[in-house]
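Each remark here refers to the structure printed beneath this line.
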């Protein structure tokens, strides 16, 4: 078998892992094996939680919209159904922002949803 000369590949790979582990506590930022385990775990959590974050924010927006709709005398589900029947194309993030910052505009949307549900 021919001899394998790695050049700088091993050092580069290890340096990359240790650079990613910067800021970790103790051994996890100093020794390659511990750093590699910690970095692998951190990257997998980061990948998973980028998706979880989307779910969490959607849940938060729904809770806020539901609370604002109840204050106007309407449930969340009937409010959303009324908006879709009326053809209002606002997403939940925008509705949540309206509910927090512009309650009069949100009240008008509730009125639109009620009218659409009645007809």
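Structure values in brief
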item	result
Pair list, Cβ under 7 Å, 6 or more apart: segment 1-24 residue farther than 15 Å from residue 37 by Cβ, other residue surrounded by 11 or more Cβ atoms within 10 Å (Cβ to Cβ) and at pLDDT 95 or above	22/29; 23/29
Some residue of segment 46-53 being in contact with a helix residue (DSSP H, G or I) (Cβ under 7 Å, 6 or more places away or on another chain), more than 25 Å from residue 98 (Cα to Cα) and either in a helix (DSSP H, G or I) or touching a residue at least 60 places away in the same chain (Cβ under 8 Å) (or both)	no
Unmet requirement for residue 22, which otherwise passes all of (1) modelled with pLDDT under 95; (2) in contact with a helix residue (DSSP H, G or I) (Cβ under 8 Å, 6 or more places away or on another chain); (3) not in a helix (DSSP H, G or I)	(1)
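The values are calculated or read from the model by the stated rules, or taken from the named source; none is laboratory data. Remember, it's a predicted structure, so these values are computed and weren't measured experimentally. FYI the Cβ positions are ideal-geometry reconstructions off the backbone, even for glycines, and counts take in every protein chain you see.
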